[in-house]
Amino acid sequence: MNSIARLYKTIGPKYCCVVFDSPGANNSKREVWPEYKTNRQVIKTSFKKQLMWIKEFCTIIGLPLFIHRTTEADDIISSMVNFLRGSNIETDQDVSPDEKPQKMRSIEFKVPDQTKGGVFDKVSGRSNLPLEPIQHENGSGIDHMKFDVYILTADKDLLQILEQNESGNVNVRIVQPHKKFRHVDEEVVRAEYGIPPERFSEYLALVGDSADNIPGVLGIGPKTAPILISKYPSFKDIIKSEEITKIAKKGGKYSLSVEKAYDFHLITKLKSDLPILTSMSQLLKKRTLETQFLEFCKLFSLQKCSQRWQDVTH
């Protein structure tokens, strides 16, 4: 919540939304790689309640929420950025060669002006706000505008969407709250990883990603991967290269890691073709529910820092 307030104070966005994972968001990728994210601790009930309260807070102050039961947040964000770029790809062969993109609707939480019983039940922790999906009517596409897009995230997977689009109408930056709100753009990715952002998914598939429990190709590290990516024009060419063939010939776990490389890339490559946005109006902040806002701040002893939300709630 503090990050949201800081974002509004420093950037003052015209359009904004908050995107969450759902409990079943990992299932499709686990069908490809069963070990995907299995190294993570089971989410405690207390943390689940915190997430519920954060969603509730965002709803109260009028921020649009996007959640889908089978899609991870980074895939939703990637598709949103692609919508802004105005190049709605029908299929993405690198991501899902055997599947057609699912129909998806944005989910926002519809909150009435008056809510019985307060913000949520103090005993059960269940929300008293009726969370009803709003089905957006089809709207017009984006205007011929230029957008400065700021994505607040600690997820490095999203670095792959920082490439410049041909029309040049979208300038995307990642804001990393865990690194003192550092701004990362295409130049930073090239400087730190030695590769263009659009091939960062290949880097993760080769090197591995411990956060998501993706082992990568054995024998390929942060120094070798950029060399291969620079040398070969596609991930397919890398896997068929002399360098990777030598690793596969070692047999055993080395050969297995090469065989799984395509699966790793299916997981690390973000989807960009999901039909989430139809109009920029979906990203407009709604008016704040003042009564619920004050109740929420009082309930969580946020009165002293309520001024911090001034830029967000009005």
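Just a few scattered comments:
- When the range 147-169 is limited to residues that are modelled with pLDDT under 95, under 16 Å from Glu198 (Cβ atoms) and of a type in the set (S, T, N, Q), the one that is surrounded by the fewest Cβ atoms within 10 Å (Cβ to Cβ) turns out to be Ser167.
- Condition check for Glu295: part of a helix (DSSP H, G or I), modelled with pLDDT of 95 or more and not polar (S, T, N, Q): no
- The set of residues in the range 10-66 that are under 30 Å from His265 (Cβ atoms), in a loop (DSSP other than H, G, I, E, B), of a type in the set (Val, Ile, Thr) and in contact (Cβ under 8 Å) with a residue 12 or more places away in the chain contains only Thr38.
- So Ala205, is it farther than 30 Å from Asn2 by Cα, in contact (Cβ under 8 Å) with a residue 60 or more places away in the chain and surrounded by 15 or more Cβ atoms within 10 Å (Cβ to Cβ): yes
Condition check ((1) under 19 Å from the mean Cα position of the chain (by Cα); (2) small (Gly, Ala, Ser); (3) surrounded by 15 or more Cβ atoms within 10 Å (Cβ to Cβ)) across all residues:
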| residue | (1), (2), (3) |
| --- | --- |
| Met1 | yes, no, yes |
| Leu7 | yes, no, yes |
| Asp21 | yes, no, yes |
| Arg30 | yes, no, no |
| Asn39 | no, no, no |
| Ser46 | no, yes, no |
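- Test: Glu198 is more than 30 Å from Ile247 (Cα to Cα), in contact with a helix residue (DSSP H, G or I) (Cβ under 7 Å, 6 or more places away or on another chain) and either of a type in the set (D, E, K, R) or surrounded by 20 or more Cβ atoms within 10 Å (Cβ to Cβ) (or both): no
- Against the test of being hydroxyl-bearing (Ser, Thr, Tyr), under 25 Å from Leu204 (Cβ atoms) and modelled with pLDDT under 90, the options Thr115, Thr91, Thr71 yield a single qualifying residue, Thr91.
- Filter result for Ala248 (in contact (Cβ under 8 Å) with a residue 12 or more places away in the chain, surrounded by 13 or more Cβ atoms within 10 Å (Cβ to Cβ), more than 30 Å from Cys17 (Cβ to Cβ) and among the small types (Gly, Ala, Ser)): no
The values are calculated or read from the model by the stated rules, or taken from the named source; none is laboratory data. It should be emphasised that the depicted structure is a prediction, and the values quoted were computed from it without experimental measurement. Cβ atoms come from the backbone with ideal geometry, glycine included; neighbour counts cover every protein chain shown.
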